[in-house]
Amino acid sequence: MSRSSAVSIFCLALLGTMILQQANPGHIPWAVSRAAGLAAFAILSLSVILGLLISTKAADGLLSRPFVFDMHQFLSVVSLTLIGVHAGSLIFDGFLHLSPVAVVVPLMSPYRTVAVGVGVIAAWLTAISAGSFWVRSRIGVKRWRKLHYLTFLAYIAGLGHGVFAGTDSSTPVVMWGYLASAAAVMALLTLRIAGSPAKRPAAPPAKGARPALKGRRADSRA
């Protein structure tokens, strides 16, 4: 996905949001925030799915792993950018009157405090996950992978924020979008867990192979 494609997704989300709300010019910050939020979650979902395609090797043979990894990294940054637009637009909304502190500190919003607070946490987790790409060589691949697991927490928090704080979550298009995203992530995550080396059963002994003797070997007959 190119930058132009990401911009197109955002523009379509903005147009759809304004149509759903029948927005007027005075509601532009609110419409922009909603569109950016929906686009951010859609792109975050794609990033998570691409990451799982890498770890499960489900796309091997169809897409090159370097390409999938580059897209995974690129979409993480695009998602974070849209999250910034989503939160920043709310500062200019004349209805909510959110302060800059309320959009960066959890549980400071007077509007749906818990649900918005979860969204703020999702934004910070996404920022840490996206930033981890640039410290990968310094901290090592193993530590980077452990740190990168925060992406799943960011996804879950973002989904919860969208469902409980989003005013469009009851519309069929958005609701089915959330369900499709969750289903795809859960399916790939299940495949990832099932394919984990720790979960794989031990290979059966080869036919005709003798079991290893425990303890001392029996004395041979004289």
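Conditions: (1) farther than 16 Å from residue 148 by Cβ; (2) surrounded by fewer than 18 Cβ atoms within 10 Å (Cβ to Cβ); (3) at pLDDT 90 or above; (4) of a type outside the set (Gly, Ala, Ser). Residue 21 meets all but one. Number of the miss?
(3)
Report every pair of residues separated by at least 6 positions or lying on different chains whose Cβ atoms are under 7 Å apart, first residue within region 103-118 and loosely packed, with under 14 Cβ neighbours inside 10 Å, second of a type in the set (S, T, N, Q).
The qualifying pairs are 107/113.
Just give me the residues in region 120-169 being hydroxyl-bearing (Ser, Thr, Tyr) and out of contact with any helix residue (DSSP H, G or I) (no Cβ under 6 Å at 6 or more places or on another chain), in sequence order.
Hits for region 120-169 are 137, 149, 167.
Could you figure out which of (1) of a type in the set (Gly, Ala, Ser); (2) in a loop (DSSP other than H, G, I, E, B); (3) touching a Gly at 6+ places or on another chain (Cβ under 8 Å); (4) touching a residue at least 60 places away in the same chain (Cβ under 8 Å) isn't true of residue 58?
Checking residue 58 against (1) of a type in the set (Gly, Ala, Ser); (2) in a loop (DSSP other than H, G, I, E, B); (3) touching a Gly at 6+ places or on another chain (Cβ under 8 Å); (4) touching a residue at least 60 places away in the same chain (Cβ under 8 Å), the one that fails is (3).
Output yes when any residue across region 161-179 is touching a Leu at 6+ places or on another chain (Cβ under 6 Å) and in a helix (DSSP H, G or I), and no when none is.
no
So residue 180 clears everything in (1) buried (at least 16 other Cβ atoms within 10 Å of the Cβ); (2) among the hydrophobic types (A, V, I, L, M, F, W, C); (3) farther than 18 Å from residue 123 by Cα except one condition, right? Which one?
Going through the list (1) buried (at least 16 other Cβ atoms within 10 Å of the Cβ); (2) among the hydrophobic types (A, V, I, L, M, F, W, C); (3) farther than 18 Å from residue 123 by Cα, residue 180 breaks only (1).
Modelled with pLDDT of 95 or more, β-branched (Val, Ile, Thr), within 30 Å of residue 38 (Cα to Cα) and surrounded by 10 or more Cβ atoms within 10 Å (Cβ to Cβ), is that true of residue 156?
yes
The values are calculated or read from the model by the stated rules, or taken from the named source; none is laboratory data. Source: prediction; values computed, not measured. Because the Cβ atoms are built from the backbone with ideal geometry, glycine has one as well, and the counts that use them run over all protein chains shown.
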